[in-house]
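One structure below.
The values are calculated or read from the model by the stated rules, or taken from the named source; none is laboratory data. The shown structure was predicted, so the numbers you read here are calculated from the model rather than taken from an experiment. Methodologically, a virtual Cβ is constructed for each residue, glycine included, from the backbone with ideal geometry; neighbour enumeration extends over all protein chains shown. Just so you know, the surface numbers come from the protein's heavy atoms only, side chains and all, with ligands and any DNA or RNA stripped out. Shrake-Rupley method; radii C 1.70, N 1.55, O 1.52, S 1.80 Å.
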Amino acid sequence: MKETMNNNDLHISKDCIESNIDEWTPLNLGEKFTYREHQKEEIITLIYNVVNHKVHNQICEAPTGSGKSIINIVVACILNTYYNLSSYILVSDLFLWDQYDQFIKKNKTLKNVAILKGQTGNYKCDKNNEDMRTADCKLAGLSWGALYDINKAREKGYECALKCEYLKSRKKALQSNICIMTYQLFLFTQNIKMCRDTHGNKIFKEHDVILCDEAHNIPGIVQQNYAPTVTQKDVDKLLLLYNPSKYADKLLGEGLTLLFDNDEDGDYETNNKYSEEDVKQNFNFFWNIWSNEETRLDEDYKCVTKYLDILTSFTTTVEDIATTISNKKNNHKKLSKQDILLFKNVTWYKNYMCVWNDFRDAIKETGTEYLVKEINKKNDGIISVSFRCTKEDFLVYRYLLSNSQYRIFVSATIGGKKPYDENMGFRHLTKNDEDGISTMDVIPSTFDFSKSKIYFYNKFKMSYKEKDISFPYLKKIAYNICSKKFPTSKGIIQTGSYVLAKQLYNDAPTNIKSRMLLYNGSKEKTAAIDFHKMSDDTILVGPTLVEGVDLPGDECRFIVIFKVPYPSLADKVVKAKLKLFPLWYNSTTSNAIIQGIGRGIRYNGDYCETYILDACFKQLYNSTT
């Protein structure tokens, strides 16, 4: 961690911090900018605890309308401007990232704040219209460092580096003391070996503070980030790297212009210590174990380590392919679409390796008792096997918390402090339990909820055993709410699952069905929300309308929670987490309901009625209040 101007014996008063804020705010946010109620006081407290080395883990529960993004940005800027402390601001998704991006663009004085949009796949190359993973310059084998030097870039024919959106954003992110990025990108830049220089140092340096937005999502995001999935198609991708000429047709289709198909390129030879037959036989052996529910966890783990050994053996082969492609490019030979697809397979391999390596290391440190294997069968018959490390507290500590000295967690729905502390792994930070304990502030809501009543129907449960009996009754109530109470208003029905959403849609009367917007997956969801915002009386129906949906004013006047969103106990990871963190199950369900209700109340004066139809809510309410 870099040295700061602070001294452990130096005390910075809250009055001094407030003076800093009063000086900085009009210069950077404008003379007319005013802080919302409680906002400035919380900013002062967060800064005070950092600069005086008081607390290393601060939790701030800030309801909708309290200005969480302003809190994070001002804290980071004051810490940097007056105390020489650097920060990362982390966001949970690109929707929230975009909100920060728009704010930074609007306030041009915040030019020292960098913002990087995910990994290279989120940016396009203007030269070949591919994403930056297969940008023209990357196909030519140029490093990012070479492209930062405009003279070197020009020499190689890439003057476009001057205006490249990704290069400019990446360079600024490396140089700035304040950087906004997604959790996924942060985990990648701080933990992956590919993000280190030749001396083993991190390219994206550690900063003094990380400020985490939507912090209730952290355990799930980290869990998902270190969960490898394998399919039988993966072996075809590996064998394509092993022998492109032989396996390209099988993986990429017929009629291809192969990379290694003429005398000038020469015959392709691999230095892989495993033969083609070895790779096939080993993979089939692993697959027979992995796709069997009855195998022991230690057997699964042994196969994981052996599979990694095979993956590692492809490293030289992959580098040879990348070199061959760049040589072809630099010798002014035209690359075919198939050459680019092969290069994409090279980048797939590198990311694939990282996920498997991290997962293996996590299980190695925590133990095979925390390994969970899930076998997934799709309707088209394709089987995939996913692996998880259920010890999320360790994963969060290892891959997120340990990358910074001070950590601030901001969310509208933290839930109980004790379950949050447990799930976040604060206790792993030090052997001294007192140092690992967090503090928590709760900012009171300033909204008027008098018009936003919540109704609870306590008769039919949507539990696994009772849902078939309850559904016919509850669907009629939902339809009545839509047709009689809100015949011309827009709203949401939160269903808990796609299956339930489709069932509600299929059974709906014609006049209700014509208003319903059903979706399947994130792309359809985005399109449905966009259509909803332009319509007069539509109703969004689906399971993922709990977070990341902003429907102010008339865009949402009612919400129906058809099923209490308990995590499914059919999920092995959920079962395992319930044993590890007993308080987590009810806490995360309560958070989901609060988040869901918040979709329709977005500003002071806004209003939205909520109807909870699942009688399971009573038990949840009694156990968490």
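Quick look at the numbers
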item	result
Residue under evaluation Ala215, criteria (1) at pLDDT 80 or above; (2) over 30 Å from Asn72 (Cβ atoms); (3) not charged (D, E, K, R), criterion not met	(2)
Residue match in region 83-90 (condition: in contact with a strand residue (DSSP E or B) (Cβ under 9 Å, 6 or more places away or on another chain), of a type outside the set (Ser, Thr, Tyr) and part of a helix (DSSP H, G or I))	no
Check on Ser483, farther than 23 Å from Asp93 by Cβ, of a type in the set (S, T, N, Q) and in contact with a helix residue (DSSP H, G or I) (Cβ under 7 Å, 6 or more places away or on another chain)	yes
Count of region 440-460 residues which are among the charged types (D, E, K, R), at pLDDT 90 or above and open to solvent by 80 Å² or more (accessible area, probe 1.4 Å)	3
Matching entry among Gly425, Gly415 (being free of Cβ contacts under 8 Å to residues at least 40 places away in the same chain and either surrounded by 17 or more Cβ atoms within 10 Å (Cβ to Cβ) or of a type in the set (Phe, Trp, Tyr) (or both))	Gly425
Inter-residue pairs, beta-carbon under 7 Å, first free of Cβ contacts under 8 Å to residues at least 40 places away in the same chain and in region 64-91, second outside any helix (DSSP H, G or I) and open to solvent by 10 Å² or more (accessible area, probe 1.4 Å), 6+ apart	Gly67/Arg36
Boolean, Ala528 is touching a strand residue (DSSP E or B) at 6+ places or on another chain (Cβ under 6 Å), free of Cβ contacts under 8 Å to residues at least 24 places away in the same chain and in a helix (DSSP H, G or I)	yes
Residue in region 333-343 that is surrounded by fewer than 21 Cβ atoms within 10 Å (Cβ to Cβ), within 21 Å of Phe286 (Cβ to Cβ) and not aliphatic (A, V, I, L, M) present	no
Residue check, Ile437 at pLDDT below 95, touching a His at 6+ places or on another chain (Cβ under 7 Å) and surrounded by 15 or more Cβ atoms within 10 Å (Cβ to Cβ)	no
Helices (runs of 4 or more DSSP H) contained entirely in region 227-322, each with at least 1 residues that are modelled with pLDDT of 90 or more and more than 23 Å from Ile363 (Cα to Cα)	276-290
Pairs where the first residue, in region 569-580, is in a helix (DSSP H, G or I) and the second is basic (Lys, Arg), C-beta under 7 Å, 6+ apart	Val573/Arg388; Leu580/Lys391
Residues that are of a type in the set (A, V, I, L, M) and open to solvent by less than 50 Å² (accessible area, probe 1.4 Å), drawn from region 562-617	Val564, Val573, Val574, Ala576, Ala592, Ile593, Ile597, Ile601, Ile612, Leu613, Ala615
